[in-house]
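Here is the structure we will look at.
The values are calculated or read from the model by the stated rules, or taken from the named source; none is laboratory data. Please read these numbers as outputs of a predicted model, since none were measured by experiment. Backbone-built Cβ (ideal geometry, glycine too); neighbour counts: all protein chains shown. Ligands, DNA and RNA are excluded from the accessible area calculation, which covers all protein heavy atoms including side chains. Shrake-Rupley method; radii C 1.70, N 1.55, O 1.52, S 1.80 Å.
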Amino acid sequence: MKVYFPEVEKPIVYEGPDSKNPLSFKHYNPQEKVLGKTMEDHLRFAVSYWHTMRGGGADMFGSPVMDREWLKGDNVIEIAEKTLQAGFEFFTKLGVKFWAFHDDDLIPETGNLAESNKQLDHMIKLAKKMQNDTGVKLIWGTCNLYSHPRFMSGAATNPNPHVFAYAAAKVKKALENTKYLGGQGYVFWGGREGYETLLNTDMGREMDNLGIFLNMAVDYAKKIKFTGQFYIEPKPMEPTKHQYDFDAASCYAFLQRYGLDKTFKLNLEANHATLAGHTLIHELEYAGANGILGSVDANRGDLLLGWDTDQFPTDIYDTTQIMYTLLKYGGFKKGGFNFDAHVRRQSIDTVDLFHAHVGSMDCFARGLKIAAQMHKDKSFSKFVNQRYSGWNRGIGKEITSGKVGFEELEAYVLKKGNPKIVSGRQELLENMLNDYLK
Ligand code: XUL
Ligand code: CO
């Protein structure tokens with residue numbers, strides 16, 4: 001069988017923090033237990049097929065620069081087969097247990113639904129075989145509802161019901177395929193579900209239609225007994241100027257409005273969070289507090305660039321806080337860390353794909369170990385509990401238990417006088433966090 005990644009002969013292994021081998025893990029030790037669970041089970045890493053296998057480094061100003069052996073040739077089916085083979089070679093050499101793909105990443109759609117579905121059937125069978133042979137699983141399936149010209153004005157939010165129907169047909173097929181592959185979830189990222197100008201847009205109708213569409217997906221999943229977790233992936237903009245799934249909070253409002261809050265959770269992406277003016281940690285905390293924390297698309301933006309650069313995460317300060325929040329809410333159930341990230345345009349070699357993933361996996365593993373210690377020490381949670389302790393007694397308890405209203409509170413203040421102001425100790429807490437990053 002053809003080998004596409006000769007630079008890595010055997011699967012990458014843990015060699016410990018002192019190793020000088022760039023193709024080894026220095027912190028990610030899959031079977032090592034942290035807080036009673038293996039690192040592998042905490043982190044549930046997945047490779048994004050679209051970036052890693054289909055990406056060629058093209059940008060708005062230039063064509064692909066990466067000379068990928070598996071993408072060469074004239075026959076699309078042959079290319080698709082080679083890409084899948086290369087993909088599973090990469091997953092197993094890297095040692096990840098999950099992958100994620102869009103329908104069109106497996107094989108580009110032809111523009112004819114029946115023909116595309118037939119080609120997909122062939123590829124999905126092959127994928128199933130490779131999953132069985134390697135033990136690599138599908139973290140979630142999804143559908144490309146934004147690249148083809150028919151979707152230029154949206155899919156489920158398109159002004160034309162015929163396009164809505166086309167999108168429904170694609171999702172129907174993708175759900176069947178995800179079930180067949182044992183996928184643990186299904187993601188809706190609203191690629192063009194938004195608008196460019198309100199001068200031509202009926203926002204209320206578009207949101208209602210998106211609600212109808214997602215309810216249809218839930219109904220169909222029930223019908224075919226697909227039991228994976230549904231996710232919405234928030235993103236505020238790009239490609240449209242304004243997307244409806246702006247951030248975690250607007251998604252939660254949408255899910256509640258359309259009766260979907262019990263069937264959906266969120267797939268949160270770091271660079272999408274920063275585009276919305278948040279951090280991933282903020283989005284995780286919001287989702288966690290509302291019971292909709294599902295999965296993470298792991299990447300990062302660039303402080304100086306205002307777009308979705310999808311870089312590999314390398315900042316331990318970030319991964320520590322991400323892991324701290326994730327552990328606080330009980331970790332992943334069906335979700336995981338999917339590296340929705342691509343190597344930089346100048347990183348043209350296949351070995352760069354390994355460096356990128358290995359570095360980020362180590363970065364999360366380090367974050368996990370540090371965050372676990374922070375939880376064990378309880379130094380931060382003790383501080384927070386103390387800060388809010390007034391709510392466990394006296395007037396605080398009476399407020400939360402509904403025993404008092406405005407009149408009683410007015411009487412309370414008239415009797416007690418002014419409240420004492422206390423320090424939030426932000427700098428102390430930041431210093432404490434830095435002490436953990438030694
Ligand atoms: C785009 C993005 C998508 C979704 C899946 O910004 O993140 O790749 O993750 O459609
Ligand atoms: Co994503």
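Structure data summary
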read-out	value
Members of segment 360-369 that are in contact with a Phe, Trp or Tyr (Cβ under 7 Å, 6 or more places away or on another chain) and surrounded by fewer than 22 Cβ atoms within 10 Å (Cβ to Cβ)	Asp362
Unmet criterion (only one of (1) more than 14 Å from the chain's Cα centre (by Cα); (2) open to solvent by 20 Å² or more (accessible area, probe 1.4 Å); (3) more than 13 Å from ligand 1 (Cβ to nearest atom)) for Trp307	(3)
Where a residue in segment 282-301 is more than 14 Å from Asn271 (Cβ to Cβ) and its partner, wherever it lies, is part of a loop (DSSP other than H, G, I, E, B) and small (Gly, Ala, Ser), with Cβ under 9 Å and at least six apart	Gly288/Gly330; Leu293/Gly330; Leu293/Gly335; Gly294/Gly335; Ser295/Gly335; Ser295/Gly336
Filter result (farther than 27 Å from Leu433 by Cα and open to solvent by 100 Å² or more (accessible area, probe 1.4 Å)) within segment 401-422	Lys403, Phe406, Glu407, Glu410, Leu414, Lys415, Lys416, Asn418, Pro419, Lys420
Test: residue in segment 312-320 that is within 16 Å of ligand 2 (Cβ to nearest atom) and either assigned by TED's automatic domain parsing to the domain that holds Gly194 or in contact (Cβ under 8 Å) with a residue 60 or more places away in the chain (or both)	yes
Filter result (acidic (Asp, Glu) and either on the phi > 0 side of the Ramachandran plot or part of a loop (DSSP other than H, G, I, E, B) (or both)) within segment 343-352	Asp349
Lone unmet requirement of (1) loosely packed, with under 13 Cβ neighbours inside 10 Å; (2) more than 24 Å from Asn132 (Cβ to Cβ); (3) touching a strand residue (DSSP E or B) at 6+ places or on another chain (Cβ under 9 Å) for Asp67	(3)
Residues that are open to solvent by less than 20 Å² (accessible area, probe 1.4 Å), within 16 Å of ligand 1 (Cβ to nearest atom) and in a loop (DSSP other than H, G, I, E, B), drawn from segment 330-342	Gly335, Gly336, Asp340, Ala341
